[in-house]
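First the structure, in the form of structure tokens, and then the observations on it.
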Amino acid sequence: MVPPGRPSYDSVMESPCIRNCCLRDDDICMGCYRSLDEIKGWSAASEALKHEYCRKAEARRELAVRSGTAPPVLRR
């Protein structure tokens, strides 16, 4: 489930960046949950690949929320 105020990654092809960039030790952004490689490749990625990046990022975000490791602003 996507929290209010966050884009649905299944319908948005603009960058999911929320300008809260901070990489974890595993190179996952704590703002948008994309990997560093996904962030760097965004502008050259096809629409299908962007959808895949977003699906992966949303799965990472949901896992972080469930496990209690998400930043407090995302734990809704």
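Computed from the coordinates by the stated procedures, all read-outs in this text should not be read as laboratory data. Keep in mind the model is a prediction, meaning the values are calculated, not measured. Note that we place each Cβ from the backbone using ideal geometry, even for glycine, and neighbour counts take in every protein chain shown.
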Shape call, the stretch 20-69: gyration tensor on alpha carbons, a/c limit 1.5: oblate
Cβ crowding within 10 Å averaged over residues, with 52-58, 15-21 ranked highest first: 52-58, 15-21
By average C-beta atoms within 10 angstrom, highest first, the peptides 32-45, 59-72: 32-45, 59-72
